[in-house]
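Take a look at the structure below.
Values in this text are rule-based calculations from the coordinates and carry no lab data. This is a predicted model, so every value here is computed, not measured. We place every Cβ from the backbone using ideal geometry, glycine too, and count neighbours over all the protein chains shown.
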Amino acid sequence: MADFAVRLFLLLLPVALLLLAGLRLRRKAVFPHGSFPSARPRASEVLLRNLRLRYDLLLDVLAAAVVALALSGQAPAGPGRVAVVLDGSRSMLRGEPGSRAVDAAVRALYERNDLAEARVFLLDFDPARGAYRLRDFSRQRREDDPEAFAARIAREAEALGADWSVLGELRNKGYRRIVAVTDSLPGDPVGFEALETGFVEAPYVYPVSAGYEESTKSWALRLAVEGEPSGLIVHRWEDGSGAFVRLSPDSLDLSEGPYGWTLRFPRPGLVVVSAGGEAFPVLLPPRPARPSGVGSFSGAMASVFSFLPEREGEGFALLDAGQPRRGASLVTSPGEGDTPLIADPSETYGGFVPLAVPEPRSGGIDFALGSGGLDLPDLPLVYWGRIQSSTPPPYTSQPGRTGSRWKPQGTGYWRIGRTGPEALLPPIAEYAAPPRLGSLRIPDRTPRRWPFAAILAAIYALKLALRRLFSTAPSRKTR
């Protein structure tokens, strides 16, 4: 409020100076009052005359107040002062009714007397928009008892993860106190309160990787398994029928290792894996296409991957520096220096760890290799990693980058995108308690500017209209 007063005072200074200057320069006409019949002006005439003389000043004062309000960020309070945000992520709904995290969260909410009159919002996922959202469940909370309300949340929530930055929407609406009710936060809350009930451990199966396996000539789906989930059922999406078809248990090629399961399939596609009462979609991406090579070095590197299938219009283009870049390409500058410029891929698990980066004026070079780098025996692993990255991912856990119109399937979502089937799964933190690192801060309130702009436009439109009205002299008719 102090910021608003200071800004208003500074904005009114020019208006006050203009008023003083106008009064000082104003001239009064002297005439004999006795020559005119005495008549007291009517109140309407006085008001009209004052409005004619002061309308400019009054509208400038009003515009200054609007600008000061916009700059100070003062917004009208929302429908309530306290907002409770109930976490609707996957970790809250796992387990048996009565022992789930959402049951504990609802019980804790109903036991808090200081939150009895608060508005209750559910933070969950919107499959239609592909983004997280807040839904008002205040009326349902008043109508239901704790058990019924927990069952309603579990039934209606579109569970995925939790994006706590969405709480900034409540701050923009004027809620001064925000309480998040959840099982566990990844950081210490800053700018809001947290009511944590504790992470509920339960068995799970979660995909680790999926792709073509050269050694077995099949597509391998590797699954991390925690606990002893019961049963295994697999469905495959068939383009011809436009439906998921269950695979026979005898046709499943399942092998178990020390860290989980590996399922192998004869061809790629979208599959749905069910185990332990939960199901999720995952994509077996197609095998990468054979890259082309232009230039002496890139041509030699492309020949290393001649075992890949050649598909017209697909595949990376490996180019030497100086070649025109086209489509999905990777440009390499084979240098003559002794510095390898990249770490040995055999020591970085095939990853690209640059020891030096190309100069900004290098013209879009992706890799700059010294003579030492050319002598590395595992150098093709770097290019193999880039080639594999050109295929669609088995799934994603970041809905903000994936588009909209998702269809629920078990604990995840799927859709047919421009490049084929896509899968969206909850992040692994929804199945294993995440470590608590640092702080978790919601965005500061960002007041909307368009209402203030609309009010200013209306003020100056009125100012222009009054100026035209008062500056037009009344026409006189002559006989």
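For segment 65-186, go through all pairs of different Cα atoms, get the mean of 1/r, take its inverse, and jot down that Kirkwood value in Å. Walk me through the intermediate numbers first.
Values: mean 1/r = 0.0657 Å⁻¹.
Value: 15.2 Å, from the Cα pair sum.
In Å, what Rg and Dmax follow from the Cα atoms of segment 167-207?
Radius of gyration, then largest Cα-Cα span, for segment 167-207: 14.0, 42 Å.
Quick one: what are the phi-derived ³J(HN,Hα) couplings along segment 167-184, Karplus 6.51/-1.76/1.60 with θ = phi - 60°, whole Hz, x for glycine and proline?
Working through the residues one at a time gives 4, x, 5, 5, 5, 5, 7, x, 6, 8, 10, 10, 10, 9, 9, 8, 7, 7 Hz.
Among the aspartates and glutamates, which fall within straight-line cross-link reach of K463, defined as a Cα-Cα distance under 16 Å, with same-chain neighbours fewer than 8 residues apart omitted?
D56, D60
How large is ³J(HN,Hα) for each residue in segment 264-274, as worked out from phi by the Karplus curve 6.51 cos²θ - 1.76 cosθ + 1.60 (θ = phi - 60°), to whole Hz, x for Gly and Pro?
Each residue of segment 264-274 in turn: 10, 10, x, 8, x, x, 8, 10, 10, 9, 10 Hz.
Between R142 and R176, what FRET efficiency follows from the Cβ-Cβ distance if R0 is 35 Å, with the result rounded to 0.05? The partial results should precede the final answer.
Working: r = 22 Å, r/R0 = 0.62.
Efficiency computed from Cβ-Cβ geometry: 0.95.
Want the number for L12 to R155: 0.36 nm per residue separation, take away the alpha-carbon distance, what's left? Can you show the working numbers first?
Numbers: separation 143, 0.36 × 143 = 51.48 nm, distance 5.62 nm.
Using 0.36 nm per residue and subtracting the Cα-Cα distance, I get 45.9 nm.
Rg over Rh of segment 157-242, using C-alpha atoms and the Kirkwood radius, what does it come to?
Working: Rg = 20.5 Å, Rh = 17.7 Å.
Rg divided by Rh gives 1.16.
From the backbone phi of segment 456-467, what are the Karplus-calculated ³J(HN,Hα) couplings (6.51 cos²θ - 1.76 cosθ + 1.60, θ = phi - 60°) in whole Hz, Gly and Pro given as x?
Calculated HN-Hα couplings, in order: 4, 4, 5, 4, 6, 5, 5, 4, 5, 5, 5, 5 Hz.
For R467, R90, which order do you get if you count the other beta carbons within 10 Å of each Cβ and list the fewest first? Walk me through the numbers on the way to the answer.
On the way: R467 13, R90 23.
Least crowded to most crowded, the residues run R467, R90.
Fewest Cβ neighbours within 10 Å first, please rank V200, V271, V208 accordingly.
Working: V200 19, V271 25, V208 15.
Going from sparsest to densest Cβ surroundings: V208, V200, V271.
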